Amino acid sequence: MERPADYRFAFKSKDPKISDKAILFEIWISPNKDTVEVVAGSKYVQLNEGDSTDLFEILIGEKLSDL
């Protein structure tokens with residue numbers, strides 16, 4: 001990514017094989033502020049507008065469009 005993540009979260013894994021480790025999630029907001037990109041470990045996903053809006057509101061408690 002070209003810049004640091006806008007948000008970072010760590011969650012404890014429910015997988016008993018790695019339950020003692022936290023999984024880091026990093027979230028970037030698109031320049032248009034309508035979608036988000038998420039990186040967790042080596043996994044990357046760019047969410048569509050609807051999923052981005054839902055995830056952002058659940059995690060942050062604000063509307064993505066209000067930024």
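Bear in mind that the values in this text are calculations on the coordinates, not laboratory data. Nothing here was measured: the structure is a model prediction, and the numbers come from that model. Backbone-built Cβ (ideal geometry, glycine too); neighbour counts: all protein chains shown.
Which lysines, if any, have their Cα less than 22 Å from the Cα of LYS63, not counting same-chain residues under 8 positions apart?
Those lysines meeting the cut-off are LYS33.
Among the lysines, which fall within straight-line cross-link reach of LYS21, defined as a Cα-Cα distance under 30 Å, with same-chain neighbours fewer than 8 residues apart omitted?
LYS12, LYS43
Check which residues have an amide H placed less than 5 Å from PHE25's amide H, if you skip close sequence neighbours.
Placed amide hydrogens put PHE9, ALA10, PHE11 under 5 Å from PHE25.
Normalized C-alpha radius of gyration of the chain, against 2.2 N^0.38 Å?
1.18
As an exercise, use a Förster radius of 22 Å and the Cβ-Cβ distance of TYR7 and ASP51 to find the FRET efficiency, rounded to the nearest 0.05.
Once the sixth-power term is evaluated, E becomes 0.90.
Hey, in the GNM for the chain with a 10 angstrom Cα cutoff, which one of PHE56, PHE11, PHE25 fluctuates hardest?
PHE11
For the pair SER65 and LYS43, how long in nm is the line joining their label points, each one 7 Å along Cα→Cβ?
A separation of 2.9 nm, rounded to one decimal place.
Could you pull out the longest piece of the chain with no exposed loop trypsin sites (Lys or Arg not before Pro) in it, calling a site exposed if DSSP puts it outside H, G, I, E, B and it has at most 14 other Cβ atoms within 10 Å?
34-62
Under 8 Å for C-alpha pairs, at least 6 residues apart: give me the relative contact order for segment 7-66, rounded to a whole percent.
21
In degrees between 0 and 90, to the nearest 10, how far off the longest principal axis of the chain does helix 49-60 point, with axes built from Cα atoms?
60
Go ahead and estimate [θ] at 222 nm for the chain from helices alone: -39,500 (n - 2.57) per DSSP H run with n ≥ 4, summed, over the residue count, rounded to 500.
Theoretical 222 nm ellipticity from helices: -5500 deg cm²/dmol.
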